[in-house]
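Okay, so here's the structure we're looking at.
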Amino acid sequence: MPAVLVLTGASGSGKTSLTQAIEALKIPGVACFHCDSIYHDLPEEIRSDGETAQDAILEHWLKRVLADPETEVAILETQIRPQRANRMLRKFAIVPHQVVLVECEHSEREARLRGARAQPELANPQMENWAAYLRGQADALGLAVIDTSEISVSNPVARLRGIVESLRERMVCAQP
(Lines give C-alpha, C1' and ligand atoms only; values in the text may rest on other atoms or scores of the structure.)
Protein backbone atom coordinates (compact mmCIF):
# COMPACT_ATOMS: atom_id res chain seq x y z
CA MET A 1 0.00 0.00 0.00
CA PRO A 2 1.43 3.41 -0.92
CA ALA A 3 1.99 6.29 1.45
CA VAL A 4 -0.26 9.27 0.77
CA LEU A 5 0.53 12.95 1.08
CA VAL A 6 -2.46 15.29 0.83
CA LEU A 7 -1.67 18.90 -0.05
CA THR A 8 -4.44 21.30 0.84
CA GLY A 9 -4.68 25.06 0.58
CA ALA A 10 -6.76 27.91 -0.73
CA SER A 11 -6.90 28.74 -4.44
CA GLY A 12 -3.73 30.54 -5.47
CA SER A 13 -1.66 29.21 -2.56
CA GLY A 14 0.75 27.36 -4.85
CA LYS A 15 -0.41 23.76 -4.59
CA THR A 16 -0.44 23.15 -8.33
CA SER A 17 2.93 24.83 -8.94
CA LEU A 18 4.47 22.82 -6.13
CA THR A 19 2.96 19.57 -7.38
CA GLN A 20 4.10 20.28 -10.95
CA ALA A 21 7.63 21.00 -9.70
CA ILE A 22 7.70 17.65 -7.88
CA GLU A 23 6.34 15.90 -11.00
CA ALA A 24 9.14 17.48 -13.05
CA LEU A 25 11.72 15.82 -10.78
CA LYS A 26 10.43 12.42 -11.95
CA ILE A 27 11.09 10.75 -8.59
CA PRO A 28 10.67 6.99 -9.05
CA GLY A 29 7.57 5.66 -7.30
CA VAL A 30 6.11 9.13 -6.66
CA ALA A 31 2.84 9.95 -8.44
CA CYS A 32 1.02 13.29 -8.32
CA PHE A 33 -2.73 13.76 -8.67
CA HIS A 34 -4.56 17.04 -9.24
CA CYS A 35 -7.70 15.94 -7.43
CA ASP A 36 -10.03 18.86 -8.03
CA SER A 37 -9.76 18.29 -11.79
CA ILE A 38 -12.80 15.97 -11.54
CA TYR A 39 -15.02 18.44 -9.65
CA HIS A 40 -17.09 19.40 -12.69
CA ASP A 41 -17.61 15.72 -13.54
CA LEU A 42 -19.42 15.12 -10.24
CA PRO A 43 -23.22 15.00 -10.24
CA GLU A 44 -24.84 18.30 -9.27
CA GLU A 45 -26.29 16.85 -6.06
CA ILE A 46 -22.76 16.03 -4.88
CA ARG A 47 -21.23 19.34 -6.04
CA SER A 48 -23.95 21.30 -4.23
CA ASP A 49 -22.56 20.23 -0.83
CA GLY A 50 -18.90 21.17 -0.42
CA GLU A 51 -18.11 18.51 2.18
CA THR A 52 -19.79 15.75 0.18
CA ALA A 53 -17.85 16.89 -2.89
CA GLN A 54 -14.56 16.91 -0.96
CA ASP A 55 -15.19 13.37 0.26
CA ALA A 56 -16.21 12.12 -3.20
CA ILE A 57 -13.14 13.65 -4.83
CA LEU A 58 -10.68 12.26 -2.29
CA GLU A 59 -12.33 8.84 -2.28
CA HIS A 60 -12.14 8.68 -6.09
CA TRP A 61 -8.41 9.42 -6.11
CA LEU A 62 -7.59 7.17 -3.15
CA LYS A 63 -9.23 4.23 -4.94
CA ARG A 64 -7.17 5.04 -8.02
CA VAL A 65 -3.95 5.31 -6.00
CA LEU A 66 -4.59 2.02 -4.20
CA ALA A 67 -5.16 0.26 -7.52
CA ASP A 68 -1.76 1.38 -8.88
CA PRO A 69 0.99 -1.07 -7.81
CA GLU A 70 3.73 1.25 -9.14
CA THR A 71 2.98 4.12 -6.74
CA GLU A 72 5.00 4.17 -3.53
CA VAL A 73 4.09 7.74 -2.52
CA ALA A 74 1.02 9.51 -3.88
CA ILE A 75 0.73 13.29 -3.67
CA LEU A 76 -2.88 14.43 -3.84
CA GLU A 77 -3.39 18.13 -4.45
CA THR A 78 -6.81 19.38 -3.34
CA GLN A 79 -8.69 21.88 -1.18
CA ILE A 80 -10.09 19.40 1.33
CA ARG A 81 -10.53 20.19 4.99
CA PRO A 82 -7.63 18.55 6.85
CA GLN A 83 -9.93 16.73 9.28
CA ARG A 84 -11.90 15.23 6.39
CA ALA A 85 -8.68 14.15 4.67
CA ASN A 86 -7.45 12.43 7.83
CA ARG A 87 -10.83 10.73 8.30
CA MET A 88 -10.81 9.42 4.71
CA LEU A 89 -7.19 8.22 4.98
CA ARG A 90 -8.08 6.32 8.16
CA LYS A 91 -11.18 4.85 6.45
CA PHE A 92 -8.92 3.39 3.76
CA ALA A 93 -6.35 2.32 6.42
CA ILE A 94 -3.57 4.17 4.63
CA VAL A 95 -0.42 4.21 6.73
CA PRO A 96 1.67 6.21 6.53
CA HIS A 97 -0.06 9.37 5.45
CA GLN A 98 0.32 13.08 6.01
CA VAL A 99 -1.74 16.20 5.35
CA VAL A 100 0.23 19.37 4.58
CA LEU A 101 -1.07 22.92 4.24
CA VAL A 102 0.28 24.96 1.32
CA GLU A 103 -0.14 28.68 1.89
CA CYS A 104 1.23 32.06 0.93
CA GLU A 105 0.76 35.64 1.99
CA HIS A 106 -2.63 37.17 1.22
CA SER A 107 -1.16 39.76 -1.17
CA GLU A 108 0.73 37.06 -3.09
CA ARG A 109 -2.35 34.84 -3.41
CA GLU A 110 -4.40 37.82 -4.65
CA ALA A 111 -1.68 38.72 -7.19
CA ARG A 112 -1.59 35.14 -8.48
CA LEU A 113 -5.36 34.90 -8.82
CA ARG A 114 -5.71 38.29 -10.50
CA GLY A 115 -2.59 37.83 -12.65
CA ALA A 116 -1.23 34.61 -14.11
CA ARG A 117 -4.17 32.46 -12.97
CA ALA A 118 -6.68 34.88 -14.50
CA GLN A 119 -9.26 33.97 -11.85
CA PRO A 120 -9.99 37.33 -10.18
CA GLU A 121 -13.39 36.02 -9.06
CA LEU A 122 -11.52 33.82 -6.57
CA ALA A 123 -9.73 36.80 -5.01
CA ASN A 124 -12.60 37.42 -2.62
CA PRO A 125 -13.41 37.47 1.11
CA GLN A 126 -14.68 33.87 1.01
CA MET A 127 -11.31 32.61 -0.26
CA GLU A 128 -9.53 34.69 2.39
CA ASN A 129 -11.78 33.13 5.05
CA TRP A 130 -11.06 29.67 3.60
CA ALA A 131 -7.31 30.32 3.78
CA ALA A 132 -7.65 31.50 7.40
CA TYR A 133 -9.78 28.46 8.28
CA LEU A 134 -7.23 26.08 6.76
CA ARG A 135 -4.41 27.80 8.66
CA GLY A 136 -6.37 27.46 11.90
CA GLN A 137 -6.94 23.77 11.22
CA ALA A 138 -3.26 23.27 10.39
CA ASP A 139 -2.27 24.91 13.67
CA ALA A 140 -4.86 22.96 15.68
CA LEU A 141 -3.85 19.62 14.13
CA GLY A 142 -0.10 20.30 14.13
CA LEU A 143 0.17 19.96 10.35
CA ALA A 144 3.30 20.81 8.42
CA VAL A 145 2.94 24.08 6.50
CA ILE A 146 4.75 24.99 3.29
CA ASP A 147 4.83 28.71 2.52
CA THR A 148 5.10 29.48 -1.20
CA SER A 149 5.21 33.28 -0.84
CA GLU A 150 8.76 33.43 -2.20
CA ILE A 151 9.36 34.07 -5.89
CA SER A 152 11.53 30.95 -6.17
CA VAL A 153 9.83 27.60 -5.72
CA SER A 154 13.10 25.82 -4.95
CA ASN A 155 12.77 26.11 -1.14
CA PRO A 156 9.14 24.94 -0.99
CA VAL A 157 9.93 22.12 -3.44
CA ALA A 158 12.89 21.03 -1.33
CA ARG A 159 10.65 21.04 1.75
CA LEU A 160 7.99 18.99 -0.03
CA ARG A 161 10.59 16.55 -1.33
CA GLY A 162 11.82 16.08 2.24
CA ILE A 163 8.29 15.27 3.38
CA VAL A 164 7.93 12.77 0.51
CA GLU A 165 11.17 11.04 1.48
CA SER A 166 10.10 10.95 5.13
CA LEU A 167 6.81 9.30 4.12
CA ARG A 168 8.72 6.77 2.02
CA GLU A 169 10.91 5.91 5.02
CA ARG A 170 7.86 5.57 7.28
CA MET A 171 6.24 3.32 4.69
CA VAL A 172 9.23 0.96 4.76
CA CYS A 173 9.18 0.91 8.57
CA ALA A 174 5.42 0.20 8.62
CA GLN A 175 5.70 -2.89 6.42
CA PRO A 176 5.68 -6.26 8.25
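The values are calculated or read from the model by the stated rules, or taken from the named source; none is laboratory data. Worth saying up front: this structure is predicted, and the values here are computed from it rather than measured. Glycine also receives a Cβ, built like all others from the backbone with ideal geometry; neighbour counts cover every protein chain displayed.
Descriptive notes on the structure:
- Residue, surrounded by the fewest Cβ atoms within 10 Å (Cβ to Cβ), within segment 98-112, restricted to residues that are out of contact with any Gly (no Cβ under 8 Å at 6 or more places or on another chain) and either at pLDDT below 90 or not acidic (Asp, Glu) (or both): Ser107
- Members of segment 142-165 that are of a type in the set (Gly, Ala, Ser), modelled with pLDDT of 90 or more and not in a loop (DSSP other than H, G, I, E, B): Ala144
- Of all residues in segment 109-127 being without any contact (Cβ under 8 Å) to a residue 60 or more places away in the chain and in a helix (DSSP H, G or I), the one that is nearest to Ala85 (Cα to Cα): Gln126
- Check on Glu72, on the phi < 0 side of the Ramachandran plot, of a type outside the set (A, V, I, L, M, F, W, C) and surrounded by fewer than 17 Cβ atoms within 10 Å (Cβ to Cβ): no
- Restricted to segment 43-59, and to residues there that are touching a helix residue (DSSP H, G or I) at 6+ places or on another chain (Cβ under 6 Å) and over 22 Å from Leu143 (Cα atoms), the residue that is surrounded by the most Cβ atoms within 10 Å (Cβ to Cβ) is Ala53.
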